[in-house]
Amino acid sequence: MLTALLNQQVFTTIHHSREELRGLRRKDVSFVCPHCSSILTMRIGSRNIPHFAHRSRADCELMRGETPQHLLSKQLLYDRISSLYNQVSLEHYIRELKQVADIYVKTDTAEIAIEIQCSTIPISDIVQRTRGYHRRRITPFWILTQPLKSKKLLNLTSFQQAFIRYSPSLDYFLLQFLPDRSIFQLYTHLLPVSGTAFMSGAPITIPVSEFTLPPSIPNEPVHPPYSLSKWNDFRTKWIYNKIHYNKARTDVFLREVYEEGDTFLYLPLYIGLPVIPHGIHIRNHEVEWQYYVWKDCLKKDRLFSVESVCKALNGRLIKGHIELRSFPLLKSEEVIKIIASGYLRLLEEVQVLRKINDAFQLTEPWSCPDHFSAFEQHRHVFFPKRKHILKKL
Ligand SMILES: [Zn+2]
């Protein structure tokens with residue numbers, strides 16, 4: 001922690017030089033934790049930011065041990081934000097919530113609590129803290145400072161995915177803070193190709209010296225910054241992985257496909273289309289949930305509606321066949337309905353469906369290719385149509 005009480009006054013290490021702090025330490029003055037009143041030790045190393053620590057970890061419920069990354073993040077963001085606003089405090093205790101916000105900002109119109117998250121915590125904790133802030137009419141602003149695995153694709157743990165937010169110009173995006181480089185990185189237009197891997201554009205860099213609340217985005221990309229031509233390769237890869245790593249007898253989805261008499265390897269290409277951008281809410285691969293939609297609706301009824309597709313998807317959610325990603329920083333109302341209409345619109349554009357008033361109907365009876373040459377034939381017919389659609393997405 002960076003703040004303590006000295007003679008009942010708030011004392012912050014970042015406002016003093018190392019020399020001044022060493023002088024105080026020699027005088028043997030008592031720094032006290034503002035939350036639990038226990039005596040604190042001042043730590044002045046050469047690498048980390050000078051900070052306070054409890055003598056015993058068990059002492060304090062509110063201020064647990066912090067990583068050097070967390071201390072540095074707090075200092076950098078506090079310096080930047082206090083250059084923008086007058087009322088900014090560090091490690092601010094909110095009595096009603098029994099919570100300490102890393103940085104707290106009071107503007108003319110709003111109260112903002114900045115939460116810097118370095119370590120992985122249960123997503124339910126993020127949900128709970130976020131709700132607490134909203135109850136007090138405080139806007140929480142969560143900042144992720146974990147390193148991300150990114151090569152051709154961005155790989156995100158469930159915890160890191162919990163920091164995904166949405167804006168109409170950036171689609172689903174993730175903001176990451178890198179204190180060692182004093183920059184933020186913004187990954188935009190996230191498109192999952194599996195439960196953990198995402199396509200995205202090259203990250204946009206925002207130096208901490210240009211950070212604002214909310215962040216203003218330089219040079220916004222107008223179009224998705226990647227090509228969708230790779231989509232089908234990832235879809236095929238996912239199918240092969242599924243066959244390779246799952247036993248057909250134990251995998252609920254594969255069992256259903258086989259029992260239905262369909263050939264998993266040669267499912268029609270309109271099962272597994274990217275529903276951009278909101279399809280990201282469903283954690284399962286597009287092949288899975290869109291196969292369920294086909295089986296529960298398209299095949300059964302001569303005519304069906306967006307509502308019947310929603311009902312089918314909700315039923316699959318209840319059975320646990322599909323699940324939604326946890327996005328605690330997003331409002332996720334009506335997401336199933338938005339995804340269902342998005343998918344049906346795509347199917348209409350690739351002429352798998354035709355619309356009759358508010359209902360839909362298959363243009364041709366279903367047939368799942370059952371051997372390689374039938375599948376090749378389907379590819380041959382389908383791809384020219386789909387190419388045109390994907391360009392528009
Ligand atoms: Zn304490």
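The values are calculated or read from the model by the stated rules, or taken from the named source; none is laboratory data. Owing to the predicted nature of the structure, the values given are computational and were not obtained by experimental measurement. Neighbour counts run over all protein chains shown; Cβ positions are idealised from the backbone, glycine included.
Brief remarks follow.
- Filter result (within 13 Å of the ligand (Cβ to nearest atom) and either surrounded by 12 or more Cβ atoms within 10 Å (Cβ to Cβ) or at pLDDT 90 or above (or both)) within the range 24-50: Phe31, Val32, Cys33, Pro34, His35, Cys36, Ser38, Ile39, Leu40, Thr41
- The single residue among Leu362, Leu353, Leu324, Leu317 that is crowded, with 19+ Cβ neighbours inside 10 Å and either assigned by TED's automatic domain parsing to the domain that holds Tyr172 or aliphatic (A, V, I, L, M) (or both) turns out to be Leu353.
- Any hit, the range 279-288, residues being polar (S, T, N, Q) and surrounded by fewer than 19 Cβ atoms within 10 Å (Cβ to Cβ): no
- Out of Glu19, Glu96, sole residue that is part of a helix (DSSP H, G or I), in contact with a Lys or Arg (Cβ under 7 Å, 6 or more places away or on another chain) and away from the ligand (no atom under 16 Å from the Cβ): Glu96
- Tallying residues that are assigned to a helix (DSSP H, G or I) and aliphatic (A, V, I, L, M) within the range 99-152 yields 3.
- Index of the failed condition, His54 passing every other in (1) touching a Cys at 6+ places or on another chain (Cβ under 6 Å); (2) within 22 Å of Ile143 (Cα to Cα): (2)
- If you go through the range 298-311 and pick out every residue that is closer than 16 Å to Gly342 by Cβ and either surrounded by fewer than 22 Cβ atoms within 10 Å (Cβ to Cβ) or hydroxyl-bearing (Ser, Thr, Tyr) (or both), you end up with 5.
- Screening Ser150 on (1) within 30 Å of Arg95 (Cα to Cα); (2) modelled with pLDDT under 95 shows it passes everything except condition (1).
- Only one of the listed residues (Ser326, Ser332, Ser308) is free of Cβ contacts under 8 Å to residues at least 40 places away in the same chain and of a type in the set (Ser, Thr, Tyr). That residue is Ser308.
- Only one of Glu260, Glu256, Glu286 that is in contact (Cβ under 8 Å) with a residue 12 or more places away in the chain, among the acidic types (Asp, Glu) and within 26 Å of Ser167 (Cα to Cα): Glu286
- Taking each residue of the range 199-217 that is in the same structural domain as Ser169 (by TED's automatic domain parsing) and looking for partners that are buried (at least 16 other Cβ atoms within 10 Å of the Cβ) and of a type in the set (D, E, K, R) with beta-carbon atoms closer than 7 Å, six or more apart or interchain, yields Val208/Arg80; Ser209/Arg80; Phe211/Arg80.
- Among residues of the range 289-344 being polar (S, T, N, Q) and part of a loop (DSSP other than H, G, I, E, B), the one that is modelled with the lowest pLDDT is Ser332.
- Here Ser169 passes the criteria (1) modelled with pLDDT under 95; (2) touching a Lys or Arg at 6+ places or on another chain (Cβ under 6 Å); (3) under 30 Å from Ile81 (Cβ atoms) except the one numbered (2).
- Hey, Glu91 assigned by TED's automatic domain parsing to the domain that holds Phe211, touching a Gly at 6+ places or on another chain (Cβ under 9 Å) and either outside any strand (DSSP E or B) or within 16 Å of the ligand (Cβ to nearest atom) (or both) or not: no
- Failed criterion for Ala53 (all others in (1) touching a Gly at 6+ places or on another chain (Cβ under 8 Å); (2) in the same structural domain as Ile121 (by TED's automatic domain parsing); (3) within 12 Å of the ligand (Cβ to nearest atom) hold): (2)
- Evaluated against (1) within 16 Å of the ligand (Cβ to nearest atom); (2) under 31 Å from the mean Cα position of the chain (by Cα); (3) of a type outside the set (Ser, Thr, Tyr), Lys74 falls short on exactly one condition, (1).
- Pair list, Cβ < 8 Å and 6+ apart or interchain, from the range 22-51 residues that are among the charged types (D, E, K, R) to residues that are more than 15 Å from the ligand (Cβ to nearest atom) and not in a loop (DSSP other than H, G, I, E, B): Arg47/Pro68
- Test result for Leu5, within 16 Å of the ligand (Cβ to nearest atom) and closer than 19 Å to Ile103 by Cα: yes
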